[in-house]
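Heads up, the thing below is written out as structure tokens.
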Amino acid sequence: MSGMNRRSLLKSASSVAGLAAASSVIGAPLIAQERSLKIGSYGGYFEDSFKAHVYPAFTEATGIKVESVTQPNSADWLVTMTQATQAGSVPTDLSLYGRATMIKASRVGGLLAPLNAKAMPATSNMDPYFVFDDTTGTIGVGAMSWFTSMVINPEEVDTPASWAEFWDSSKYEASLGLPRNFNAQFLDIVAATFFDGAETFSTKDGIIALVEKAAEIKPNVALWWSAESQMEQAMKNTDIIGGQYYLDVSNLMALDGFPIQAVFPKEGNPQDYGSWCLSSLSDKGDEAAEFINFTSDPAIQALMSRKIGTAPLVPQSKTDLTDEEFAFVSGAPSIKPAYEAYLDSETFIKETWDKMLAGA
Amino acid sequence: MSAVSDPEILANSAPTARSRLADLSLSQLVIWGLILFLCLSPFALIIAVSFGEKIEGASWEWGFSLVNYQRVFVGANWPEEVTFLYLQNLYYSLYYAVFAAVIAVLLAFPFTYLMTGLSRRAQSAWLVFILSSLSLSEVFIVMGWDVLLSNRSGLPMVFKETGLTAWLKEVGWFDTLREWGLANPRNVKFKTSVFATVLTMSYLVWPYAVILLYPPLSRMDRSMIEAAQTMGAGPWTVMRTVILPSVRLPLFGATLLLFVFLLGVYVAVSVFAEPAKQTMAVSVYSAVRGATLNAPFGAAQAVILLITASVFLVLGQWMSRRASA
């Protein structure tokens with residue numbers, strides 16, 4: 001570095017800056033015409049599939065360029081977006097939020113901008129449950145859905161007919177992997193299996209009863225996982241022989257020859273979904289509406305099911321998915337999580353759950 | 001220390017200190033201001049956040065409430081219900097850190113002692129090797145041990161293949177292992193357990209222990225040992241009466257430093273510790289970045305953890321000062 005003198009460095013730096021300035025002047029009219037959108041999605045395989053299959057199709061259909069941004073997940077991302085909004089500059093126009101996180105963002109206020117419902121006619125293909133309105137208007141539209149499923153090692157145990165079988169210590173002693181977070185929908189499974197479903201969450205006594213029932217499964221749990229990869233490794237290494245895990249990943253693992261089988265027991269599996277939400281600081285409302293309209297189309301929903309492994313938000317009959325393709329990503333019955341209760345009583349549920357896990 | 005308390009020196013140093021302050025140039029003041037800002041502002045921010053108020057179902061807002069500190073001690077549903085969940089977390093923070101720090105120092109001490117007896121060349125080779133192992137992050141180390149302890153490719157596989165598992169079942173010790181949570185009906189299992197957590201944490205800080213113990217051990221006067229040996233002392237007596245007393249303080253200091261460092265370990269605990277034995281660092285993270293967005297409660301726990309660490313450091317300082325006096 002010492003060979004290069006300061007003056008020449010400055011000179012070359014200024015010429016680079018000059019070039020950049022010149023090109024921006026030349027390029028300005030072009031850029032004004034070029035429309036673009038920054039879209040967040042969960043990193044890894046998920047984001048890669050979006051970049052490979054969905055965004056190019058969208059750009060081809062509308063001419064709007066997409067810049068992909070990696071989100072770690074939705075709860076963490078809400079913290080990032082809250083701080084970014086306070087700072088006055090956000091990393092994405094559209095973000096992908098789980099329903100609970102979206103409602104939370106709506107309650108925090110000032111983070112999301114209402115979407116133009118008229119510009120998104122394709123959303124009528126979906127169940128209205130997936131189009132979320134708050135007092136400001138439509139703030140989130142379903143992007144795709146996913147199940148967390150009962151999984152077992154078919155070499156070790158027979159297919160259970162009910163979630164209740166996981167409580168049987170003669171079969172599953174120290175052999176299950178369940179999610180550690182209070183809101184990872186295991187409590188919804190308990191509610192659907194032994195109680196009155198989401199209704200049970202409406203009172204404190206109901207929540208305590210749910211957590212006490214969950215406590216009875218503790219001797220059978222070898223792993224309370226917090227990161228997806230922990231559960232994947234534990235199933236692959238046969239550290240455990242059953243548990244609760246993502247349906248699409250389980251099916252992919254089974255295709256790769258690992259001893260894992262996803263099961264829809266008679267109570268069903270919890271279904272969660274992600275929504276596209278527009279940042280309040282974004283000026284790309286029109287582009288965002290076009291993108292959401294595009295992904296709400298049954299053909300694109302089917303494309304995502306095939307390429308990304310998500311469950312479609314439109315009925316199977318509207319898509320061209322075969323029964324086999326549909327069963328790979330979806331199933332029935334579906335357990336709908338008690339989203340509102342998880343927010344209204346979040347401190348209470350979290351602490352009661354953590355206490356149960358800690359035996360405190 | 002006694003020199004400073006000498007009144008004459010104190011009297012002389014006062015004016016010089018004042019003139020030095022006047023000598024401080026603007027740039028020095030800026031540098032000091034920057035250092036103070038960078039060191040103190042994160043702490044100030046955490047303390048300020050810890051008094052914030054949680055809005056149920058949403059985020060939190062600035063405020064002045066002691067409710068987060070109260071929750072650390074008695075839980076959120078006080079006074080209807082009392083829970084020591086968070087104090088239990090704090091207890092396990094201390095528990096893992098003490099054991100892992102002591103084990104790491106105990107294992108590093110003989111190693112470092114033998115290493116200082118080697119040739120210069122061998123010593124520097126070892127030091128370079130140990131320093132380079134520090135480049136492995138906590139995540140890598142945890143991943144490594146995760147594989148080493150897993151059923152299909154790790155230690156339990158060795159147990160099964162060598163017939164050790166079958167033998168344990170035969171003699172009946174297997175049921176004892178099951179009671180301790182170190183086996184399922186099929187094979188032994190080491191995850192999740194205190195064993196795996198402490199093992200990984202000691203492994204994590206062992207290179208630091210060697211690096212901390214190397215300077216005092218290499219400076220130690222070998223002629224004292226030789227003198228003791230010529231006077232007929234056996235190896236154990238030499239260790240007890242010559243070596244250990246001369247490195248007592250560095251040993252204690254290294255343990256204390258590693259202990260404080262280990263209080264904040266996150267990955268090893270969240271992967272290897274069972275949910276009943278999680279630490280405060282994990283609890284802080286789940287409050288701040290978890291679904292509840294309860295940064296004030298996370299900050300209050302962080303402040304308590306900080307105070308605990310400071311108390312131990314001050315106690316340690318006091319004890320070592322007493323010992324050296």
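The values are calculated or read from the model by the stated rules, or taken from the named source; none is laboratory data. What you see is a predicted model, and the numbers here were worked out from it, not measured in a lab. Backbone-built Cβ (ideal geometry, glycine too); neighbour counts: all protein chains shown. Heavy atoms of the whole protein, side chains included, go into the accessibility calculation; ligands, DNA and RNA do not. Shrake-Rupley method; radii C 1.70, N 1.55, O 1.52, S 1.80 Å.
At a glance:
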{"item": "Residue check for A:V66: among the aliphatic types (A, V, I, L, M) and free of Cβ contacts under 8 Å to residues at least 24 places away in the same chain", "result": "no"}
{"item": "Residue count for the range A:305-339, restricted to those that are part of a helix (DSSP H, G or I) and either aromatic (F, W, Y) or surrounded by fewer than 22 Cβ atoms within 10 Å (Cβ to Cβ) (or both)", "result": "12"}
{"item": "Residue list for the range B:34-89, restricted to those being away from chain A (no Cβ under 13 Å) and either closer than 30 Å to A:L112 by Cα or among the basic types (K, R) (or both)", "result": "B:P42, B:I46, B:I47, B:A48, B:S50, B:F51, B:G52, B:G63, B:F64, B:S65"}
{"item": "Segments classed as strands (runs of 3 or more DSSP E), wholly inside the range A:96-206, with at least 2 members that are open to solvent by 20 Å² or more (accessible area, probe 1.4 Å)", "result": "A:131-134, A:137-152"}
{"item": "Restricting the range B:272-285 to residues that are of a type outside the set (D, E, K, R) and at pLDDT below 90, the residue that is surrounded by the fewest Cβ atoms within 10 Å (Cβ to Cβ)", "result": "B:A276"}
{"item": "Residue that is nearest to B:M157 (Cα to Cα) [pool: residues in the range B:201-239 that are within 16 Å of the chain's Cα centre (by Cα) and open to solvent by 30 Å² or more (accessible area, probe 1.4 Å)]", "result": "B:Y203"}
{"item": "Residue list for the range B:178-191, restricted to those being assigned to a loop (DSSP other than H, G, I, E, B) and open to solvent by less than 20 Å² (accessible area, probe 1.4 Å)", "result": "B:N184, B:N187"}
{"item": "Count of the range A:294-323 residues which are modelled with pLDDT of 90 or more and out of contact with any strand residue (DSSP E or B) (no Cβ under 9 Å at 6 or more places or on another chain)", "result": "18"}
{"item": "Residue match in the range B:193-200 (condition: open to solvent by less than 50 Å² (accessible area, probe 1.4 Å), more than 24 Å from A:P219 (Cβ to Cβ) and more than 14 Å from every other protein chain (Cβ to nearest Cβ))", "result": "yes"}
{"item": "B:A254 vs. criteria hydrophobic (A, V, I, L, M, F, W, C), within 14 Å of chain A (Cβ to nearest Cβ) and assigned to a helix (DSSP H, G or I)", "result": "no"}
{"item": "Cross-chain or 6+ apart pairs with Cβ under 9 Å, the range A:277-289 first and over 17 Å from A:S89 (Cβ atoms), then basic (K, R) and surrounded by fewer than 18 Cβ atoms within 10 Å (Cβ to Cβ)", "result": "A:D286/A:R35; A:E287/A:R35; A:A289/A:K118"}
{"item": "Search result, residues across the range A:256-304 that are assigned to a helix (DSSP H, G or I), under 12 Å from A:V54 (Cβ atoms) and open to solvent by 10 Å² or more (accessible area, probe 1.4 Å)", "result": "A:F294, A:A299, A:I300, A:L303"}
{"item": "Residue list for the range A:46-62, restricted to those being among the β-branched types (V, I, T), farther than 12 Å from A:M304 by Cα and buried (at least 18 other Cβ atoms within 10 Å of the Cβ)", "result": "none"}
{"item": "Which numbered condition B:L107 misses (of (1) farther than 30 Å from A:G359 by Cβ; (2) at pLDDT 95 or above; (3) within 13 Å of another protein chain (Cβ to nearest Cβ))", "result": "(3)"}
{"item": "Which listed residue is touching a helix residue (DSSP H, G or I) at 6+ places or on another chain (Cβ under 6 Å) and hydroxyl-bearing (S, T, Y), from B:T200, B:T176", "result": "B:T200"}
{"item": "Residue in the range A:228-253 that is nearest to A:I349 (Cα to Cα), counting only those that are surrounded by fewer than 23 Cβ atoms within 10 Å (Cβ to Cβ), free of Cβ contacts under 8 Å to residues at least 60 places away in the same chain and more than 8 Å from every other protein chain (Cβ to nearest Cβ)", "result": "A:E228"}
{"item": "Where a residue in the range B:146-167 is within 15 Å of A:D239 (Cβ to Cβ) and more than 9 Å from chain A (Cβ to nearest Cβ) and its partner, wherever it lies, is of a type in the set (S, T, N, Q) and in a helix (DSSP H, G or I), with Cβ under 8 Å and at least six apart", "result": "B:F159/B:T165"}
